[in-house]
Amino acid sequence: MTGQDQSDALVDQVIAAHERRTPLSIVGSGSKAFYGHPSPGATLSTTGHTGIVNHEPTELVLTARAGTPLADIEAALAEQGQQLPFEPPHFSGNGTLGGAIAAGLAGPARPYAGSVRDMVLGLRLINGKGEHMRFGGEVMKNVAGYDMARLNVGALGTLGVITEASLKVLPAPPATATLALEVPISACHPSTETWLRAGRPVSAVAHDGERLYLRLSGTTSAVADAVSDIGGERMSEPAARAFWQSLRDHTHPFFDTSAEPLWRISLPPGADLAPFGTTGLIEWAGQQVWLRARTDAQAIRQIATAAGGSATLFRGQLSDVSVFQPLDAVKTRLHQSLKTAFDPHGILNVGRLYPVLEAA
């Protein structure tokens with residue numbers, strides 16, 4: 001079956017569901033099935049809609065179909081000395097491009113290389129009426145429809161079925177090094193600011209409660225100079241790659257899925273980490289905090305809000321607790337308007353993002 005045949009089959013399935021007003025649950029590889037609220041309905045699978053449509057190494061642009069495994073895309077980019085700068089998590093190892101965009105999740109490099117939203121140049125998606133639409137393009141200067149493409153990043157498929165996406169890619173760094181430093185959690189942000197102001201090629205910062213881990217990525221001379229200046233214990237390259245991948249894909253022991261529910265706290269730069277204790281795992285130099293706690297959800301969210309951030313129940317379910325930070329009245333109306341515009345009968349991934357959003 002050709003790529004056009006595959007997309008036509010997806011369109012037909014959405015049109016049929018729209019006419020019957022029956023819900024559809026959009027699924028790629030299922031690697032992020034745990035994320036968000038459960039959604040009812042017949043499965044609409046994008047796993048057969050695969051393939052790299054276009055890759056222009058000199059233009060730093062790649063276009064691929066939504067069901068294409070991230071591993072395939074990363075392998076093709078590696079052959080050209082390039083990479084997906086936002087380091088999308090694979091989780092179970094089978095993540096797809098469409099799922100990466102729909103979830104909007106990024107790995108350790110996110111504060112320094114950019115987010116998923118930053119790298120999306122354009123996409124094609126099928127809205128809730130079965131219309132196959134295109135937003136943006138394959139050129140970094142193209143702005144037509146750009147906001148609409150980015151709007152679907154992190155929407156968890158509630159606005160449409162992503163069928164194809166064009167992304168900005170970046171050259172892979174010639175050299176990397178990871179240092180382990182004996183400094184407290186409170187030093188994450190100020191230390192990182194010092195390194196960045198000194199022109200050090202910081203590409204990831206994490207703290208496991210005992211040590212701070214700093215990844216440097218850039219030219220050989222820049223990395224070597226930074227290693228010499230900063231000090232600490234340099235990890236072997238295999239150990240370093242395994243460590244950062246364990247954070248990206250949540251295979252690090254901290255993310256044991258049999259433990260308590262996992263909270264993701266998103267904070268502004270320089271936020272005080274003291275209210276969150278010392279038993280969590282810190283990423284992004286303190287802008288992302290992972291906590292294991294069955295503590296009252298309202299209390300966790302109050303602390304996060306007071307710090308200027310938000311709290312997401314990333315894994316696990318708690319009775320009567322919204323996965324994502326509850327919306328105020330204004331944001332609820334805005335989300336409802338968008339949902340109605342893209343999916344008037346409310347059939348796509350119903351309730352996956354916010355259960356309060358219903359069909360018009």
Specify the residue that is surrounded by the most Cβ atoms within 10 Å (Cβ to Cβ); the eligible residues are those in region 99-108 that are farther than 14 Å from Asp249 by Cβ and not β-branched (Val, Ile, Thr).
Ala102
All but one of (1) part of a loop (DSSP other than H, G, I, E, B); (2) β-branched (Val, Ile, Thr); (3) touching a Gly at 6+ places or on another chain (Cβ under 6 Å) hold for Thr257, so report the exception by its number.
(3)
Screening Pro201, Pro171, Pro190 for residues that are under 30 Å from Ala75 (Cβ atoms), of a type outside the set (Lys, Arg) and surrounded by fewer than 20 Cβ atoms within 10 Å (Cβ to Cβ) leaves only Pro171
Complete set of residues in region 58-97 that are in a loop (DSSP other than H, G, I, E, B), aliphatic (A, V, I, L, M) and either farther than 30 Å from Thr257 by Cβ or without any contact (Cβ under 8 Å) to a residue 24 or more places away in the chain (or both):
Leu60
State whether the residues of region 206-228 include one that is closer than 22 Å to Gly316 by Cβ and either charged (D, E, K, R) or in a helix (DSSP H, G or I) (or both).
yes
Those residues that are in contact with a helix residue (DSSP H, G or I) (Cβ under 9 Å, 6 or more places away or on another chain) and either within 14 Å of Gly107 (Cβ to Cβ) or charged (D, E, K, R) (or both), I need them from region 250-276; list them, please.
Thr251, His252, Phe255, Asp272
Just to be sure I understand the filter: pairs with C-beta atoms under 9 Å, separated by 6 or more residues or on different chains, first member in region 212-235 and in the same structural domain as Leu179 (by TED's automatic domain parsing) and under 19 Å from Pro184 (Cα atoms), second member among the acidic types (Asp, Glu) and outside any strand (DSSP E or B). Which pairs pass?
Leu212/Glu182; Gly232/Glu182; Glu233/Glu182
Restricting to region 98-120, name every residue that is over 30 Å from His345 (Cβ atoms) and either outside any helix (DSSP H, G or I) or modelled with pLDDT under 95 (or both).
Ala106, Gly107, Pro108, Ala109, Gly114, Ser115
Answer yes or no: is there a residue in region 229-236 that is among the aliphatic types (A, V, I, L, M), assigned to a helix (DSSP H, G or I) and more than 19 Å from the chain's Cα centre (by Cα).
yes
Failed condition for Gln298, given (1) in the same structural domain as Gly270 (by TED's automatic domain parsing); (2) in contact with a Pro (Cβ under 9 Å, 6 or more places away or on another chain), with all others met?
(2)
Picking from Thr163, Thr192, which residue would you name as being in a helix (DSSP H, G or I) and not aliphatic (A, V, I, L, M)?
Thr192
Out of the residues in region 283-311 that are outside any loop (DSSP other than H, G, I, E, B) and of a type in the set (Lys, Arg), which is surrounded by the most Cβ atoms within 10 Å (Cβ to Cβ)?
Arg301
Give the residue that is nearest to the chain's Cα centre (by Cα), with candidates limited to residues of region 312-360 that are of a type in the set (Val, Ile, Thr) and either assigned by TED's automatic domain parsing to the domain that holds His132 or not in a helix (DSSP H, G or I) (or both).
Thr312
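One line per residue, one yes/no per condition, for (1) buried (at least 19 other Cβ atoms within 10 Å of the Cβ); (2) of a type outside the set (Phe, Trp, Tyr); (3) within 30 Å of Val223 (Cβ to Cβ):
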site: Gly130; (1), (2), (3): no, yes, no
site: Asn152; (1), (2), (3): yes, yes, no
site: Leu159; (1), (2), (3): yes, yes, no
site: Thr178; (1), (2), (3): yes, yes, yes
site: Val183; (1), (2), (3): no, yes, yes
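The values are calculated or read from the model by the stated rules, or taken from the named source; none is laboratory data. Computed from a predicted structure; not experimentally measured. Using ideal geometry, Cβ is built from the backbone for each residue, glycine included, and neighbour counts are taken over all protein chains shown.
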